[in-house]
Amino acid sequence: MPDEAFLIALLLLPFVGSAAALVLPARRRGAAVWIAVAASLAALVVTSVLHEGVNAGAVLRLQAPWVPAAGLDFTLRMDGLSWMFCMLVTGIGLLVVLYARYYMSPQDPVARFYAFFLAFMGAMLGVVLSGNLFQLVFFWELTSILSFLLIGYWHHNAPARDGARMSLIITSAGGLCLFAGVLILGRIASSYDLDAVLAAADRIRAHSLYLPALLLVAAGALTKSAQFPFHFWLPQAMAAPTPVSAYLHSAAMVKLGIFLLVRLWPALAGTDAWMWVIGTAGLATLVLGAYAAIFQHDLKGLLAYSTVSHLGLMTALLGLNSPLALVAAVFHVMNHATFKASLFMAAGIIDHEAGTRDIRRLSGLYRHMPITATLAMVAAAAMAGVPLLNGFLSKEMFFAESLRAEGPVPALDRALPYIATAWGIFSVAYSLRFINGVFFGPPAAGLPRVPHEPPRWMRLPIEFLVLACLVVGIFPAFTIGPVLDLAVRSVLGPEVPPYSLAVWHGLTVPLMMSLAALGGGAVLFLLLQRHLAAGHDRTPLMPPIRGRRVFDALLAAISWRWARAAERLMGTRRLQPQLGLLLLFTLVAGLWLAWPGATFGSLPGTEADLAFVLVWIVGMACAVGAAWQAKFHRFVALVLSGGAGLVVCLTFVWLSAPDLALTQLLVEIVTTILLLLGLRWLPIRLPYTRTPAAARKALPRRARDLALAICSGTGLGLIAYAVMTRPLPEGTVSRFFLEKAWPLGGGTNVVNVIIVDFRGFDTLGEISVLGVVAITVYALLRRFRPAPESIEPPLQRLAQTPAAKREDLAIPAVIMRWMFPAAGVVAVYLLFRGHNLPGGGFAAGVTMAIGLILQYMAGGTRRTEDRLPIRPLSWMTFGLVLAVGTGAASWLFGHPFLTSHLAHFTLPLLGEVHLPSAFFFDLGVFLLVVGASALLLTSLGHQSTRAHRSAERR
């Protein structure tokens, strides 16, 4: 298999594993673990296989056309930097999967956890492997969404929900900034391909839009990597399960900002603006994070602030505009991943076995878990930068670079070594607090559990990572040296500066700074012993400003005060004014665009037919009646609106648009019944009374609404008349579709060919929106309970109907049950004929939905044991996957996404079969429409059941 094929396999493996884990029942805990282990291990093996191609100096690329007209391709790109990050993502991901097997409680829905975890791993690989900036932003935002699900996994826990919401808002906002920055970079480089952008480095730095692009890209990177002033979201995410924290902090999301800065370093670095924006944020973060970590009482809180500080270290190194500083930053990315993952796992073991993470309650645990304590102490020493451990090497490189800094402010350059030493002192102090406060001292009393060593396999990932800390710290050149050289060479190219990974460089100034940091940290910890033992929550010498409070205040101002003010100014809770504003803006926009060139065509009109006129009179009467009856009887208004819709269907038939007529008729049936189910639990309308004074007061409003309705209807009618009387000149879109539907799309039904072929992107987006809407309705209504006073009187009367009379309903129920297979046959018929005759996936899906509605009505909404014969979410998922997979299959043949292919073959009895590849896309549309309709039906029907029961109880 060529290396390029391995790239797509590497990206898909976690997503395939996620889908497999997602469909598992909650009780299949062991199967979910094995799926996660297999997917992670396979991804790690594939990454290892790709090392040979990358090590040869080549950049592996897999490119498939996506939207060639817009210059967008789906591109996977792997160089040394990408390979290093893929090894971190998959390798540590595998260890965390194994650790989570023993950490997660048997009561937790483990299959859902592993599904989210593997999908997050896939999104991480998507960012790292993206060779197109648009594609990178897509996976970037996907990591924000999936991290939100992982952080809020224990959704019954309020801090988990708050932390997940905070992380989503901040990182998603940064992602939007990154998207804007990507647009600017693409405009400057005239391409969104990563290689083209990096090749245009000089043009980017010299462009007038360089500073806006830098600020926007930096906003995306700094928010994702929790840099000042956005650092506060990361400690709030500690309510997540410890396996999630270990992965996020060591090898996953928070490292993406660092990855982006390294990836775009050749194009954006090298200017004073880069040093001011990136370097300043990094320096502020590394000092504040390290100082705050000393005073945290929660083990995970201490580790979270230390992560913030170490991320600030990497950012500050990248902001120095020095190639050697970039080497140190990349080196520290790997070192930090090993010791931080092991420390979080150790903290999880302590919490798991002792029942608490509060350092004030923990003491003397070395007696109960000596192996875990030894491992944690070695990892904490690596974090503090103790010699012969990997953290010491990258810390010494940071000290060396602080001595060589050459920035725009000489005073800051002179202060940088002292800032670096202060950071080292703080890091030693919080590492000592971790070690001394947990493992030494008198035995802890009053713990929720009796501490003991964890299961052997739960400790194995920590042992492996701690061994890596030791081996890299003692033999850096032979172990991590080739990987580091591969990564930095892919960024710097031939300009890689000489550097040494030797453990001993002699008595140098950086070594003296390291020793001063070790000694100063120990002294600082001893001086703070009394303050720390007192258990104060406030951090001394820091202002009482908390990022979370600022975030909450800002969020409250935006989502409550400002939004409420905007709602009072422009919004209303009544539906009628909202529809009126919508029609008014639509009318103004239509006139603005259509009026300058509004001309009627030269085609002669047809004579009016008396039958057609009568049909329209009936339709207008139904429309007026629906508007009038809406004040008195909702059911009557719904029936009359359905009559108006039926007249629209007949109009389509009359004007030779059978496809539109069929779709309109089917949609009219389904929406009418779904609305009917919704009417059953709407609030009761009070008896309508109107005094002469109220009538006079309402007259201007009703006249306004009538004028607006007449203008809107007349305007739309005139536009339709202008379109239908115009001849089709050469070069119009309509003529193109008419002429190219058969040669290019392989179908004579122009409407269906447009939907599934020419405008397949639009259809894919529409069915995705339909699925999102169905899931949203279900999520909103699944816990809703209608109040007893909101039950309509007809429903109350039904509850009081004698059982003998209810049994009379069984006769039509039998008929409705027998209509389900007939509806299924019609749906299949419409699906297969849709490419050449009226029909298609959408019409077939709605037809099947009608059959399901009849089946549901036959069972009665009172019987909760009655269930639909399908699983809506499974149908929706499979339909969307089939539609996307059909479009992606064209890549296998070197064609753009959603390119259609036509096949003709002969079968016995059937003869020649016409099968376009778009049929499978249409099949996906069919499945998703059926699933979404069934989910909406279930949501509304169950509410009717609850309302019915409430009426019975009354």
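Where a number appears in this text, it was derived from the coordinates with a stated rule and is not lab data. All values derive from a computational prediction rather than experimental measurement. When we count neighbours, we look across all protein chains shown, and the Cβ atoms used for this are built from the backbone with ideal geometry, even at glycine.
Brief remarks on what is shown
- Label-to-label distance, residue 479 versus residue 9, with points set 7 angstrom from Cα along the beta-carbon direction: 3.0 nm.
- Under 20 Å from the Cα of residue 697 - aspartates and glutamates, other chains or at least 8 residues apart: 705
- Equivalent ellipsoid of the chain: semi-axes from √(5λ) of the C-alpha gyration tensor, largest first, are 59, 34, 29 Å.
- A Förster distance of 45 Å, applied to the separation of the beta-carbon atoms of residue 449 and residue 584, puts the FRET efficiency at 0.10.
- Residues of segment 138-174 with amide N under 18 Å of a point placed 7 Å along Cα→Cβ from residue 67: 138-142
- Förster radius 56 Å - calculated FRET efficiency between residue 906 and residue 561, Cβ distance, rounded to 0.05: 0.20
- FRET E, pair residue 411, residue 759, Förster distance 51 Å, beta-carbon r, rounded to 0.05: 0.25
- Once the Cα-Cα distance is subtracted from the 0.36 nm per residue extended length, the residue 893 to residue 534 segment shows a gain of 122.3 nm.
- Within segment 291-307, backbone nitrogen closer than 12 Å to the virtual label 7 Å beyond the Cα of residue 552 toward Cβ: none
- Dividing the summed -39500 (n - 2.57) terms of all DSSP H runs of n ≥ 4 by the residue count of the chain sets its mean residue ellipticity at 222 nm at -23000 deg cm²/dmol.
- Judged by the mean number of other Cβ atoms found within 10 Å, the most tightly packed of the peptides 288-299, 770-781, 148-159, 189-200 leads the ranking 288-299, 189-200, 148-159, 770-781.
- Candidate aspartates and glutamates - alpha carbon under 15 Å from residue 340, same-chain residues fewer than 8 apart omitted: 463
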